[in-house]
1. With the crude spin-label approximation of a point 7 Å out along Cα→Cβ, what separation in nm comes out for Met508 versus Val227?
2. By per-residue mean of other Cβ atoms within 10 Å, what is the highest-first order of 7-15, 182-190, 22-30?
3. Please work out whether the stretch 7-136 counts as rounded, prolate or oblate from its C-alpha gyration tensor, where a ≥ b ≥ c are the square roots of the eigenvalues and a/c under 1.5 means rounded, while otherwise a/b larger than b/c means prolate and anything else oblate?
4. Give me the net charge of Glu49's neighbourhood, meaning all other residues with Cβ under 13 Å from the Cβ of Glu49; Lys, Arg count +1, Asp, Glu -1.
5. Which of Glu365, Glu426 comes first, and how do the rest follow, when ranked by fewest Cβ neighbours within 10 Å?
6. About the Cα centre, and with charges only on the beta carbon of Lys, Arg (+1) and Asp, Glu (-1), how big is the dipole of the stretch 7-136? Nearest 20 debye, please.
7. Need the list of lysines near Lys133 for cross-linking: C-alpha distance under 20 angstrom, and skip anything on the same chain fewer than eight residues off.
8. Which order do peptides 431-439, 408-416 fall in by mean Cβ count within 10 Å, highest first?
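Every read-out reported here was derived from the displayed coordinates using simple, explicitly stated rules and does not represent laboratory data. None of these values were measured; they are calculated from a predicted model. Heads up, the Cβs are rebuilt from the backbone with ideal geometry, glycines too, and the neighbour counts pull from every protein chain shown.
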Amino acid sequence: MNTRLKTPILLIEDNPADADLINIYLKDVGFKFELYQAETLQEGFELIESIEIELVLLDLTLPDSSGFKTVTAYLEHASEVPLIVLTGLNNEIIGNQAIKAGAQDFLVKGQIDEKQLGRSIRYALQRFKTQAKLEETARVLAVNEKRFQEAQELAHFGSWEMDIVTNEMKWSDEMFRIFGFNPKSIQPTQIDYLNYVHFEDRKVVENFFEEAGKDGKQHQLEHRIIVNGKTIKTVSIQAKLFFDEFAEKALLVGALQDISDKKLSQQLIAEKEIAQQEALLKEETFAELNFHVRTPLNSIGNILFLLENTGLSATQQEYLRDLKTSVDDLSLVLNNLFNFALLNSGQLKIQKEKTHTIDFLNGLEKFSRLKAESAEINMKWVLEDSIPTRLNMDQAKTAQIFYNLLEVILKSLDKSDQLGIYFGMENIEGKPQLVMAFEGKMADLPDWEDFKSQELSSSQLENDPYVRKKLSLSIVEKIATLLEGQFTFHPVWKKASALVCNIPVQPMVQSKLING
């Protein structure tokens, strides 16, 4: 903003008499000014660059320029300073050309007085300021319009209006893009809009336009459109009735947003939730099946153990041995089946429950004695007195660890070898943990670092006992990690090598398990 008390004016005039007359006129009119003079157009440009000039009075006949080209040369160089053209000829054509080109006014020398000059200068300054404001406003509006269009494009959000009498519509550029058109490529109508609506949604969209055109309330609807005859999009349309007083007509004004990505995301989230629920259901079903199959199988083993200690004939004993072999084979097949299903489960979760420890461990002992006797291996079962009578633990997964480690160690011991199974409690990093250990002179164990990574097939499980050991150890590692426990191999534990697993548990009471 100019804070000077006097307006700096530049007169580009090579005639001294004309220059003096302009100076006199300015003084007579009482105009507060500082007058600078240049005799050539080039000198005038140099003064404009060195001094803050607010108005230029330009003669069209100069030593270095003449005629209308003087105006064009000036506007190319200094269009930011308002211009009044001075001419010695009463040529309205040149004057009008000068104003159209950008000059604020033109005056004919010899036909002006001090009042006319003063009025022309005041009007020129005011008009130039007004034009500058209008140009700045137009520039800001253009920038805002561009940003608005970019925002619409980013959000897939278009705007529209419709004459409710003629049904002619006006679409924003993004509206055209949503429907697969280049902007402004057609003159859309309501019929054009409806032609692209999915046939199943056509009736409800027609009702939407009809209802929106009856009141001044905002209406909203989601429906589908078909673009390029093959792509289905989901859009959200909004509309409200307005009366354009200037045009004296009713308009339905609204917006349209392509929400296909949002709908797809919602669908994917829903499908993910369903998949998670299915996975959880599968795991629960798997755990329940595991329990209901192993429990009667263990019971059968206990019954066979009791029958063996009764008076049986030689034939009955042979039948019993065959039955024990069949139960052992069934146990192996079921263990492989559950292991393979568990290894391919991606949604395992911890499911702790209150467990009566002595009943749980007694069931494992009876099952392991039957398996050890069938393998002709001596077994020692040791429970430490530190084990509480009740624990909050994931009973099913703990049993799964036990079954897998038992299978591995029985397949790794020779007949008549000693198998030691130990259960106790340890406090590791402030957390009570149940410790189970399988000790014996194990042979032919899988490489400790290799067993976790190898992918296994069903045919390998059937034909390769070594691979079955790998699978069992992988299952133990996976479950132990899930339970935030630890599975390790000790080359020397108490008397021999051992497979040891620590599982975090929560004692329910402080009572101890009485052995025996």
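1. With each label point 7 Å from Cα toward Cβ, the separation is 6.1 nm.
2. Details: 7-15: 20.7, 182-190: 12.6, 22-30: 15.3.
The densest-packed peptide leads the list: 7-15, 22-30, 182-190.
3. On the way: a/c = 1.16, a/b = 1.05, b/c = 1.10.
Cα axes put the stretch 7-136 in the rounded bin.
4. Once positives and negatives cancel, what remains is -4.
5. Numbers: Glu365 15, Glu426 12.
Starting with the residue having the fewest Cβ neighbours, the order is Glu426, Glu365.
6. Details: 11 positive and 22 negative charges, 137 e Å.
Dipole magnitude for the stretch 7-136 comes out near 660 debye.
7. Candidates past the 8-residue exclusion: Lys100, Lys146.
8. Details: 431-439: 19.6, 408-416: 17.7.
In decreasing order of mean packing, 431-439, 408-416 become 431-439, 408-416.
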